[in-house]
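Novice: Before I ask anything, here is the structure I am working with.
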Amino acid sequence: MLNQSKLQKFYIRTGMVMLTAVFMLILAACGQSNETNEGERNTEQATSETAGAGSEESDQNLVLEGSFEDVTLPAPAKRVVALEWKYAEELITLGLQPVGVADIEGYNKWMTVESQLGSEVVDVGTRQEPSLEEIAALEPDLIIAPQTRHEAIIKELQAIAPTVLFNPYQDENGPDQYSEMEQTFRTIAKAVGKTEEGEEALDHLQQKYDAAAKIIEESDLKSREFVLASAYSSQNTPTLRIFTDNGMATQILEKIGLENKYHSDAFEIYGYTQTTVEALPELEEANFLYIVQDDDNVFENQLKDNPVWTNLAFVKEDRTYSLGADTWMYGGPLSAEVLVDKVLKTMVNK
């Protein structure tokens, strides 16, 4: 029989063994719990990374904001058909020749040397009525067109390839023509994977404006005010289009330090007012810049002896400046640069 002292020692040893066993069980349980939690965390991390990879792949889709509806491309477009000269010019500015263009003959007449089309580019008909068969044969991955002309055939175009429409002629609540040009140019750059090149082109254009503005500032022009007009015969009557504040060409000239003299009382969606020579006397103190065709020069023909025309101050003071028959005022950054060069050559360096 155990005495009391030995019995106490027995209970103490037994209790310590039991405590040790319980402690080991707790450690084992904690270890299992940690392993489970770590596994759950690894699983969650793997799931998150997989979801992230899927999201990144989704982000590679290009969403193009058009004036008609947005268009989504799975990848940058490589084969592009342009149904308006302006968009063809902008593609070339970005270093990409379109596979097809509407009315190549007209394009070559009006566009600049810097934006010439390659010999491989296919003519797909007129800008008003392009050939759907010719477009389809080119197997484009994107079609770019003006909404004003081609909204009526958008379904037929979309059946061939994703089609983005732009509207350069916004109402007075929309962007002005120059802002719309920049927005459209950036969208086209995005569409063909040339965003960086697009920004470089716009930066180069701004440098052109800054340099031209300095030349204008240092020139001896009597006035920096201008009137910009194109002229032609309509039923043998001399007709003028005088460009308004929202016209893109007008805004380009103001960016180089000139000031538009003509302000229309009504909003002109196309950026000009159609009028006659009788509208010019109130503008005669400004410089008169104009575009006229060689075979329809109303100033040298119908208006040559017209007293309203001959008595204008800018006519008598030799402040009329022809910008050349091939000047295009509805293009993109390259056309804007050419217009600036022509104004400087004609007004300052003549």
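Novice: Quick one: would you say Glu197 is within 30 Å of Glu254 (Cα to Cα), in contact with a Phe, Trp or Tyr (Cβ under 6 Å, 6 or more places away or on another chain) and either in a helix (DSSP H, G or I) or charged (D, E, K, R) (or both)?
Specialist: no
Novice: Spot the failing condition for Val315; the list is (1) closer than 19 Å to Tyr272 by Cα; (2) buried (at least 17 other Cβ atoms within 10 Å of the Cβ), and only one is missed.
Specialist: Against the list (1) closer than 19 Å to Tyr272 by Cα; (2) buried (at least 17 other Cβ atoms within 10 Å of the Cβ), Val315 comes up short only on (1).
Novice: Quick one: how many residues across region 70-94 are free of Cβ contacts under 8 Å to residues at least 40 places away in the same chain and within 14 Å of the chain's Cα centre (by Cα)?
Specialist: 1
Novice: Tyr290 versus (1) touching a Lys or Arg at 6+ places or on another chain (Cβ under 9 Å); (2) among the aromatic types (Phe, Trp, Tyr); (3) under 30 Å from Gln206 (Cβ atoms): which is the lone unmet condition?
Specialist: (1) is the only condition that Tyr290 fails.
Novice: Across region 95-139, what is the total count of residues that are within 25 Å of Glu197 (Cβ to Cβ), of a type outside the set (A, V, I, L, M) and touching a residue at least 24 places away in the same chain (Cβ under 8 Å)?
Specialist: Of the residues in that region, 9 qualify.
Novice: If we keep just the residues of region 231-257 that are touching a Phe, Trp or Tyr at 6+ places or on another chain (Cβ under 7 Å) and among the hydroxyl-bearing types (Ser, Thr, Tyr), which is surrounded by the most Cβ atoms within 10 Å (Cβ to Cβ)?
Specialist: For region 231-257, the residue satisfying everything is Thr250.
Novice: Does region 249-282 hold any residues that are out of contact with any helix residue (DSSP H, G or I) (no Cβ under 8 Å at 6 or more places or on another chain) and under 27 Å from Glu217 (Cα atoms), and which are they?
Specialist: If the condition is that a residue be out of contact with any helix residue (DSSP H, G or I) (no Cβ under 8 Å at 6 or more places or on another chain) and under 27 Å from Glu217 (Cα atoms), then Thr250, Glu254, Glu259, His263, Ser264, Tyr272, Glu282 are the ones that fit.
Novice: Here's something else I'd like to know. Restricting attention to strands (runs of 3 or more DSSP E) lying wholly within region 244-350, give those where 3 or more residues are of a type in the set (Ser, Thr, Tyr) and either more than 25 Å from the chain's Cα centre (by Cα) or more than 29 Å from Tyr107 (Cβ to Cβ) (or both). Full working, then the answer.
Specialist: Values: elements: 272-275, 287-292, 320-322.
By residue number, 320-322.
Novice: Mind listing whichever residues of region 177-197 are among the small types (Gly, Ala, Ser) and surrounded by fewer than 22 Cβ atoms within 10 Å (Cβ to Cβ)?
Specialist: The answer is Ser179, Gly193.
Every read-out reported here was derived from the displayed coordinates using simple, explicitly stated rules and does not represent laboratory data. This one's a predicted model, so the numbers in the text were calculated from it and none came from an experiment. Ideal geometry is used to build each Cβ from the backbone, glycine not excepted, and the neighbour counts take in all protein chains shown.
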